[in-house]
Amino acid sequence: MQTATATSLAVAYLASPVGLLELRGTEAGLSAVLFREDSHTAPTPRELLPTCLRAAEQQLRAYFGRELRTFDLAYDLQQGTDFQRRVWAALPGIGYGRTASYLDLARQLGDPKAVRAVGAANGQNPLAIVCPCHRVIGAGGQLTGYAGGLARKKWLLTFENPPAQGELF
């Protein structure tokens, strides 16, 4: 996960199959992809959008069009503890159409006792979809918390890996 810092935060909105997405970023990179029920902030005029937001819009459209499985974006994360950032950096390693448990991530980070901390960090992920926290599930395969709501999580998982005939989550 490539990160940098810059000023002048820009905002764009993108209608998606899982609802309205608010994209935030600077010239240095994307800082947030958030689920919204309606637009909270006036969008930045299109001609003033930083390259990262245009790239994020394009890649998200390609993702929802089944033309993209891995995002390639620069990030400008201005929040999060070191541990949270380590968790967020591990999320893109969960491949498209696959899942991992919170325990799997805790083990990957070298601390199998940090399951709850991994869950909490996952819940604070500012980069919904592009940093795929929706791919993290409970150890028994159950769908557990998702900041965007369990219905969105289920939709995203089914979109990426439709269940076999008769199979349910």
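Looking at the structure I just gave you, is LEU49 within 22 Å of LEU105 (Cα to Cα), modelled with pLDDT under 95 and surrounded by 18 or more Cβ atoms within 10 Å (Cβ to Cβ)? Criteria not met by LEU49.
Out of ALA139, ALA147, report the one residue that is in contact with a Cys (Cβ under 8 Å, 6 or more places away or on another chain) and either surrounded by 15 or more Cβ atoms within 10 Å (Cβ to Cβ) or modelled with pLDDT under 95 (or both). That would be ALA147, the only listed residue that is in contact with a Cys (Cβ under 8 Å, 6 or more places away or on another chain) and either surrounded by 15 or more Cβ atoms within 10 Å (Cβ to Cβ) or modelled with pLDDT under 95 (or both). Restricting attention to the stretch 56-70, the residues that are assigned to a helix (DSSP H, G or I) and in contact (Cβ under 8 Å) with a residue 24 or more places away in the chain total 7. Here GLU57 meets the list (1) under 17 Å from LEU21 (Cβ atoms); (2) open to solvent by less than 60 Å² (accessible area, probe 1.4 Å); (3) out of contact with any strand residue (DSSP E or B) (no Cβ under 9 Å at 6 or more places or on another chain) almost entirely, failing just condition (3).
To keep it simple, each residue is scored yes or no on (1) over 22 Å from GLN142 (Cα atoms); (2) assigned by the TED database to the domain that holds LYS154; (3) surrounded by fewer than 17 Cβ atoms within 10 Å (Cβ to Cβ); (4) free of Cβ contacts under 8 Å to residues at least 60 places away in the same chain.
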residue: ASP72; (1), (2), (3), (4): yes, no, yes, yes
residue: ALA90; (1), (2), (3), (4): no, yes, no, yes
residue: GLY93; (1), (2), (3), (4): no, yes, yes, yes
residue: ASP104; (1), (2), (3), (4): no, yes, no, yes
residue: ARG116; (1), (2), (3), (4): no, yes, yes, yes
residue: ALA120; (1), (2), (3), (4): no, yes, yes, yes
residue: ASN125; (1), (2), (3), (4): no, yes, no, yes
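The values are calculated or read from the model by the stated rules, or taken from the named source; none is laboratory data. Bear in mind that the values here come from a model prediction, so they are computed numbers and not experimental data. Heads up, the Cβs are rebuilt from the backbone with ideal geometry, glycines too, and the neighbour counts pull from every protein chain shown. We work out accessible area using only protein heavy atoms, side chains counted, and drop any ligands, DNA or RNA first. Shrake-Rupley method; radii C 1.70, N 1.55, O 1.52, S 1.80 Å.
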